[in-house]
Amino acid sequence: MTEETNRDSVLKDLYSWLDEEVKKLNEEFDENFRSPNIVLSGKTGVGKSTLINAIFGSHVAESGEGKPVSQALVEHNIPEVSVNLFDTKGIELDPKEREVSRESIVREIEKRAASSKTEEHMHVMWYCISN
Ligand SMILES: Nc1nc2c(ncn2[C@@H]2O[C@H](COP(=O)(O)OP(=O)(O)OP(=O)(O)O)[C@@H](O)[C@H]2O)c(=O)[nH]1
Ligand SMILES: [Mg+2]
């Protein structure tokens with residue numbers, strides 16, 4: 001075998017191995033990210049709970065104005081929509097209240113990150129802002 005054909009053969013094997021690996025990663029991705037976990041954060045009253053209700057097309061999260069409504073991190077899901085949405089206590093001007101919101105989110109992310117199952121991890125954060 002010449003040096004050139006030997007190199008071609010090694011490259012062919014390498015491409016075929018890479019192809020298999022990418023296929024496996026894609027399969028794993030499709031399996032694990034069927035239902036991504038998304039945590040919503042943002043200032044009080046910005047519309048986090050309203051956005052969750054709009055995505056699900058049903059009233060799952062309490063919303064309203066005037067005073068902070070959502071007081072804790074709460075998971076919402078419905079069988080028809082393949083996402084798990086996590087509503088959170090809004091970020092307030094008061095530093096103590098703000099810390100309560102931050103801590104509850106960090107605690108949830110860390111708890112989930114400790115799992116060996118990637119489908120249990122928190123995958124995305126939506127930081128909601130108002131214009
Ligand atoms: N005009 C308008 N009003 C909105 C929109 N999104 C939310 N609202 C209103 O804003 C108010 C607050 O909405 P919520 O969804 O309760 O806000 P939140 O971020 O969950 O608030 P907290 O739970 O208190 O932190 C409600 O009266 C909603 O109807 C929007 O896109 N446009
Ligand atoms: Mg809310």
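A few points about this structure:
- Cβ crowding within 10 Å averaged over residues, with 16-29, 77-90, 98-111, 53-66 ranked highest first: 77-90, 98-111, 53-66, 16-29
- Prolate/oblate/rounded call for the chain, Cα gyration tensor, a/c under 1.5 rounded: prolate
- Paramagnetic label zone (point 7 Å from Cα along Cα-to-C-beta, TRP126; backbone N under 17 Å) in the stretch 73-98: 73-91
- Spin-label model, VAL22/LEU93: points 7 Å from Cα along the beta carbon direction are separated by 5.4 nm.
- For the stretch 13-29, Karplus couplings with θ = phi - 60° (6.51, -1.76, 1.60), whole Hz, Gly/Pro x: 4, 5, 4, 5, 5, 4, 4, 4, 5, 5, 4, 4, 4, 5, 5, 5, 4
- Theoretical FRET efficiency, 1/(1+(r/R0)^6), r = Cβ-Cβ of ASN32 and GLU103, R0 35 Å, to 0.05: 0.80
- Dipole magnitude (debye, nearest 20) for the chain, charges at Cβ of Lys, Arg, Asp, Glu: 740
- Here the Karplus relation 6.51 cos²θ - 1.76 cosθ + 1.60, evaluated at θ = phi - 60°, turns the backbone of the stretch 59-68 into coupling constants of 7, 9, 10, 5, 9, x, 10, x, 9, x Hz, with x for every Gly and Pro.
- Efficiency of FRET from Cβ geometry, THR118 and LEU14, R₀ 25 Å, rounded to 0.05: 0.35
Rule-based calculations on the coordinates, nothing more; no lab input. These numbers come from a predicted model, not from an experiment. We place every Cβ from the backbone using ideal geometry, glycine too, and count neighbours over all the protein chains shown.
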